[in-house]
Amino acid sequence: MLWLHDILNKSQRTEKASSNFPRCLSSRVEGQLSEGDGCLAASMNAAVRATVRVGLYTGAKVYFVHEGYQGLVDGGENICPATWESVSMMLQLGGTVIGSARCKDFRTREGRMKAACNLVKLGITNLCVIGGDGSLTGANQFRTEWSGLLDDLVRAGKETNEVAKSSHLNIVGMVGSIDNDFCGTDMTIGTDSALHRIIEVVDAIATTAQSHQRTFILEVMGRHCGYLALVTALACGADWVFIPEMPPDDGWENHLCRRLTDQRTRGSRLNVIIVAEGAMSRDGTLITSDQIKKLVTDSLGFDTRTTVLGHVQRGGTPSAFDRILGSRMGVEAVMALLEATPDTPACVVSLSGNQAVRLPLMEYTATINKQKCQNFTGHSALFLMCRSFENNWNTYKLLAHINPPDVKSNINVAIMNIGAPCAGMNAAVRAAVRMGIIQGHSMLAVHDGFDGLAHGQVEPITWTSVSGWTGKGGSALGTKRTLPAKLLEEISHNIAKFNIHALVIIGGFEAYVGALELVQAREKYEEMCIPMVVIPATVSNNVPGSDFSIGADTALNTITSTCDRIKQSAAGTKRRVFIVETMGGYCGYLATMAGLAAGADAAYIFEEKFNIKDLQVNVEHLVEKMKTTVKRGLILRNENCNANYTTDLIFNLYSEEGKGVFDCRKNVLGHMQQGGTPTPFDRNFATKMGAKSVLWLTDKLRECYRHGRIFANSQDSACLLGMRKRALTFQPLNELKEDTDFEHRIPKTQWWLKIRPIMKILAKYDIKLDTSEHTDMEHVIQKRRP
């Protein structure tokens, strides 16, 4: 995990590139540098590719440093120039193509002086480091000592003439760590891919465990950080999770056995226990998977198996999220270097919510060292960990009740799915149902959306009814696109008939519009005066009020993996261009983000108008590309990007204009984008959204209880729960109407449009960029909660 990108001579960049370069384009995470722990994370290559290409775009000279700090110390052929073509066809590769190695030499001042000498020889004054906490700690020490190292070189008579040109060293770090143990970010490069590997194993094990009525104990990585274990537990609905940050209470053995027994009594045929490798008891003793197996076997007699996943978690193809994350952080790292001055502190580019942030490297390393030295646990550990970690832990604690409470609140909460099905809907329903039961409510399932509510397809749904739903794709409740406007009389009648006091609506644009219609009907139908919450769930990611929708990540991964296979099918075939059509309605989110994740040459979307001249430019660009060592092209087209420039027309146009240079193939992905099992991101996101929505409804029901009944007609009693930049927020539905293009079923403002230029730069287009936004330096302590 020690790999370095070195950007040379900032002054070499052209004036044009400097004036066009954006000040803020990204909003995700990167890597760190350590003395040499030698660990790897998937999608480091995406960060490598972005750093190299954006550096070259700005006119800088870019170098690879192979084998991490060892290559920096050894110099010679380990430090070599990087070219545009040298980072082609690497997005889908795991690990790092420039190598990683442990380096004892760099831990000594003599070794760091050799490294400084090698940088000075080449005039390298900017260093981009991707790795874990050790890598970044080493980078921080290297920069702190830089002036002293130069003085030592002068005294030793080495590279005297070049030293004057290297008076300062700018360093930017990117966090590459599957453990997600960086205290200043919500997600590090490689974490999402590791979760993909883990969940694939969990899903496979669940089928055999259920068949044989077994208990499975899965040990995942996380010596000091339990993020992987915790999110896995949330994503698979595990019965118990052991993590270093939160040692179990004394007597946990009895509690664990009681919970497993209770699950079997309810009819469950399997039990799943997740263990982080660094899990420990309150006295600091390690809790191992073998110890837990012995406990379950001896105490309960359950057939128990243990699986230790090991380094499989570090390998494999990077997920779409990680590729985009690495790409955006690579861009942010180059921006930080180009904006740096001798007085600018070294920084780590990081992700908070959906926003890029820069954190001082010294603050980060000090916080990490404090955490390790003092071995924080409990509340102190959560204080230092990322905000998403704390939210995940709180959600898991709430949903991990041994027994649902017997006390009932006499409140009936109905749940329904609206619109097209998508992966993650069932996870949201499960979380909402169980959170409702925990709150003492009676939960009702409405089948087939508003149509089912109008026809009385309503029945109670219990704790055990939703067992195993987190990993199921589609909609177990059934869903339809029918809107309620023509069914209001029947709907109001059944709301009264089933005594429904609150409504959870999970779905896409139809769910949003349908909820608005119910709110508007409050003037005529008093039964509609109940609290309502909409949870966005659609592959199109086109619901106003939320940056992300449940299901979009699963669809994005489906598109990305399919594009990988399509491109691989042309291996050994010279000069081929693929035209791929994606879903999304009029929203270009899937086409844009898949284009960034799969390395597309262009992505045609409705939001960004194009004409025949633009198509001509793209064809000419591909013709020039085919003259290099890169022999494959990828074009994505959103299904409704243009009524006239259809997929067939674009295919025919490229085929005709590319004659003699390249041939074309086309693929319409269709409904495969709506299917499949949910990704870890969608499972986790849906679980938190479902739980949070019911907690909000519970509070709203208390507010709206007047004179022995529920009456809610204020604007804030019908809200949409969405991810906005850094937080989940509830927004009144009526307030979202101004930001809605109802004709084309998309929001008027969409955050991801600002990152489209990244895709074009990485495809080697010469474009101008928006420089109106700026990523400021923040502080680690400002991101912690008291």
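Computed extension length for residue 97-residue 459: 124.8 nm, one decimal, from 0.36 nm per residue of separation with the Cα-Cα distance subtracted. Taking a straight Cα-Cα cut-off under 19 Å and skipping sequence neighbours fewer than 8 places away in the same chain, the lysines within cross-link reach of residue 480 are 472.
Calculate the FRET efficiency for residue 753 and residue 266 from the Cβ-Cβ distance with a Förster distance of 35 Å, rounded to the nearest 0.05. Don't jump to the answer; show the numbers that get you there.
On the way: r = 48 Å, r/R0 = 1.36.
Here the calculated transfer efficiency is 0.15.
With every protein chain left in place, what is the accessible area per residue of the chain in square angstrom, probe 1.4 Å?
Working: 28750 Å² over 786 residues.
With the other protein chains kept in place, the chain gives 37 Å² per residue.
Within the accessible surface of region 552-674, defined with a 1.4 Å probe on protein heavy atoms only, the carbon and sulfur portion equals 50 percent.
Rounded to the nearest 0.05, the FRET efficiency derived from the C-beta distance between residue 573 and residue 668 at R0 = 22 Å is 0.60.
The alpha carbon centroids of region 512-562 and region 423-443 are separated by 17 Å. For residue 666, the residues 5 or more places off, or on other chains, whose built amide H falls under 5 Å of its own are 579. Evaluated at q = 0.20 Å⁻¹, a Debye calculation over the C-alpha positions of region 552-674 (equal weights, vacuum) places log10 I(q)/I(0) at -1.11.
In this rough spin-label picture, where each label sits 7 Å from Cα along the Cβ direction, the residue 655-residue 489 distance is 5.4 nm. Computed over Cα pairs, the Kirkwood radius of region 617-703 leads via Stokes-Einstein (0.890 mPa s, 25 °C) to a diffusion coefficient of 142 µm² per second.
For residue 567, a cut-off of 16 angstrom between C-alpha atoms picks up these lysines, skipping any fewer than 8 places away in its own chain: 625, 631, 666.
For the chain, what's the relative contact order in percent, using C-alpha pairs closer than 8 Å and at least 6 residues apart?
Details: 1887 pairs, mean separation 117.9, N = 786.
The normalised contact order for the chain reaches 15 percent.
For residue 114, the lysines whose Cα comes closer than 29 Å to its Cα, not counting residues fewer than 8 places off in the same chain, are 10, 61, 104, 158, 165. Each of residue 341 and residue 716 was given a label point 7 Å from its Cα along the Cα-to-Cβ line. The distance between the two points is 4.4 nm. With contacts taken as Cα pairs under 8 Å at a separation of at least 6 residues, region 552-674 carries a relative contact order of 40 percent. Using equal-weight Cα scatterers in the Debye expression, the normalised intensity of region 191-312 in log10 at q = 0.11, 0.13, 0.21 Å⁻¹ is -0.32, -0.46, -1.24. Counting only alpha carbon atoms, the long axis of helix 589-598 and the longest principal axis of the chain meet at about 40°. Rounded to the nearest Å, what's the spacing between the alpha carbon centres of region 615-641 and region 676-719? Just the number, please. Cα centres, region 615-641 to region 676-719: 46 Å.
Rounded to the nearest 0.05, the FRET efficiency derived from the C-beta distance between residue 165 and residue 497 at R0 = 60 Å is 0.15. Hey, what's the Kirkwood Rh for region 79-142 if you take every pair of different alpha carbons, in angstrom? Over region 79-142, the inverse of the mean reciprocal pair distance is 13.8 Å. Rg and Dmax over the alpha-carbon atoms of the chain stand at 27.2, 91 Å.
The values are calculated or read from the model by the stated rules, or taken from the named source; none is laboratory data. If you're wondering where the values come from, they're calculated on a predicted model, not measured in any experiment. Cβ coordinates were reconstructed from backbone atoms using ideal geometry, including for glycine residues, and neighbour counts include every protein chain displayed. Side chains are part of the model used for accessible areas, which takes the heavy atoms of the whole protein and leaves out ligands, DNA and RNA. Shrake-Rupley method; radii C 1.70, N 1.55, O 1.52, S 1.80 Å.
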